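The values are calculated or read from the model by the stated rules, or taken from the named source; none is laboratory data. All of these numbers come straight from a predicted model, not from anything done at the bench. Positions of Cβ are generated from backbone atoms using ideal geometry, with glycine treated the same way; all protein chains shown enter the neighbour counts. Calculation scope for accessible area: heavy atoms of the full protein, side chains included, ligands and nucleic acids excluded. Shrake-Rupley method; radii C 1.70, N 1.55, O 1.52, S 1.80 Å.
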Amino acid sequence: MLQKPVPVWAGDDRVEIVPDIQVGVTQAIQIQPGQGDQRLHCDDSSFLWRHPDYGREGRLQIMVAVSDFSEENGGTLVIPGSHLWDDERGPRREEAVSTCMRAGSALIWIGSTYHGGGDNSSDAPRTGLTMAFDLACLRQEENQFLSIPRDKLLGLSEEIQRLLGWGSGENLMGYVERDGQMLALSSSSDVTCRLVWEAPRTTVG
């Protein structure tokens, strides 16, 4: 869904680039008894995303229920079909439905979907764990470079390091220059990037 190929011109060549993805934000969210509902919103508003102009999604989000979710305890509110709206239409509370799911279940939605935490009228807190995957060409909502200590980062696999932003895709976002080379830098290895718009090299002499 996020890694939809993007065709670009590199001189006379038409090149398809598959965008990388990264972790945008991680949160544990607990709604206490008596706490009111959250304003309905789209998560991709962090990127000032435009609907439907961009023709693609910028974020995929998951909410894992740590405790049971119900209408009474503030289960996440979602407006089905709102991902098809343009930016002139605003959300209304009566259009939203409550997520009801057992602990260990998960709700998955895309960044253009209106949603928000519900009103907890029960006598116990409602707890969820959420994580977003974003296009890697967008700035992370949570700065993973500063949030994760280096000693902990070094213990993670290269795949996870790249998901946290320590990499550079075919579109070269986030490269590091070393000795005149454009490199994708992870904490454990250097990989030379492919420069798709580089001018053809010729040998003189």
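Pop out the carbon and sulfur fraction of the accessible area of the stretch 64-175 as a percent, whole number, probe 1.4 Å.
Numbers: 3220 of 5950 Å².
For the stretch 64-175, the apolar C and S fraction of the accessible surface comes to 54 percent.
For the chain, what does the helix formula give at 222 nm: sum of -39500 (n - 2.57) over DSSP H segments with n ≥ 4, over the residue count, nearest 500 deg cm²/dmol?
-1000 deg cm²/dmol
Rounded to the nearest 20 debye, what is the charge dipole size of the stretch 1-99 about its Cα centre when +1 sits on each Lys and Arg Cβ and -1 on each Asp and Glu Cβ?
Once rounded to the nearest 20, the dipole reads 80 debye.
Can you give the accessible area per residue of the chain, in Å², using a 1.4 Å probe?
Computed with neighbouring chains in place, this is 60 Å² per residue.
Could I have the simple spin-label model distance between Leu129 and Glu88, label points 7 Å from Cα toward Cβ, reported in nm to one decimal?
4.4
Tell me the Kirkwood hydrodynamic radius of the stretch 12-64 in angstroms, computed as one over the mean inverse distance between distinct C-alpha pairs.
Over the stretch 12-64, the inverse of the mean reciprocal pair distance is 14.9 Å.
Which number do you get for Rg(Cα) / (2.2 N^0.38 Å) in the chain? Please report the intermediate quantities before stating the final value.
Details: Rg = 20.8 Å, N = 205, 2.2 N^0.38 = 16.6 Å.
Rounded to two decimals, the normalised Rg is 1.25.
Calculate the spin-label point distance for Arg56 paired with Arg150, positioning each point 7 Å from the Cα along the beta-carbon direction, and give it in nanometres.
Going by the 7 Å Cα→Cβ label model, 3.4 nm.
Place a point 7 Å from the Cα of Gln38 along the Cα-to-Cβ direction; which residues of the stretch 104-123 have their backbone N under 17 Å from it?
Of the residues in the stretch 104-123, 106-121 have backbone N under 17 Å from the label point off Gln38.
How much length, in nm to one decimal, is gained on full extension between Ile108 and Ser67, taken as 0.36 nm per residue of separation minus their Cα-Cα distance?
This chain segment gains 13.1 nm when fully extended.
What is the packing order of peptides 155-161, 123-129, taking the mean over residues of other C-beta atoms within 10 Å and listing the highest first?
Ranked from most to least packed, the peptides come out as 123-129, 155-161.
Just order 86-93, 1-8, 111-118 by mean Cβ neighbour count inside 10 Å, highest at the front, would you?
Packing proxy ranking, top to bottom: 111-118, 1-8, 86-93.
Using a 10 Å cut-off on Cβ atoms, rank the peptides 50-56, 29-35 from the highest mean neighbour count down. The partial results should precede the final answer.
On the way: 50-56: 12.1, 29-35: 15.1.
The densest-packed peptide leads the list: 29-35, 50-56.
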